[in-house]
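Note sheet for the following structure.
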Amino acid sequence: MEVYSWRLIKAPSGELHLGTLRDPKRGRAVVRLTSALAAFDMAARAVTTASGRRYLLMGPPESRSLECMAIRNGAAQLGLAAGIDISAQLWAQMHEASGGGEGNSRG
């Protein structure tokens with residue numbers, strides 16, 4: 001599944017979860033939180049959940065304030081209020097592993 005609007009949340013337990021915002025341009029965005037992440041393909045900019053679903057990160061972590069707040073609030077409502085956002089660290093590692101190519105920009 002291709003993901004354009006995302007943030008990576010580290011739970012107090014140490015598990016990592018991907019928070020996504022789907023259909024933000026349709027006026028009715030939906031926040032989703034994945035099950036724990038089990039695998040990372042840094043060069044392909046992909047993550048796989050413990051349940052086997054694969055997400056392709058099509059660009060850098062969400063940076064728009066309202067969208068970031070929506071993802072964080074959604075994660076909090078789904079039990080990760082004490083989670084830490086580590087999106088920048090993951091993206092830097094992926095960027096380096098993929099040869100530093102540019103991801104899709106947000107406009």
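Taken together, the values in this text are just the output of simple stated rules run on the coordinates, not laboratory data. Predicted model only: the values in this text are computed from it and were never measured.
Among bridges DSSP assigns within the chain, what percent are antiparallel (round to 5)? Numbers along the way, then the final one.
Working: 18 of 20 bridges.
Once the DSSP bridges in the chain are tallied, antiparallel ones form about 90 percent.
Mean residue ellipticity at 222 nm from the helices of the chain, using -39,500 (n - 2.57) per DSSP H segment of n ≥ 4 over the full residue count, to the nearest 500 deg cm²/dmol? Each step should come with its number before you reach the end.
Values: 2 runs with 22 residues, N = 107.
Calculated from helices alone, the mean residue ellipticity at 222 nm is -6000 deg cm²/dmol.
What list of ³J(HN,Hα) values in whole Hz, one per residue of the stretch 72-79 in order, does the Karplus curve 6.51 cos²θ - 1.76 cosθ + 1.60 (θ = phi - 60°) give from phi, with Gly and Pro shown as x?
3J(HN,Hα) across the stretch 72-79, in whole Hz: 5, 5, x, 5, 5, 5, 9, x.
I need the fraction of alpha carbon pairs in the chain separated by more than 24 Å, rounded to a whole percent. Don't skip to the end; give the middle numbers.
Working: 941 of 5671 pairs.
Percentage above 24 Å: 17.
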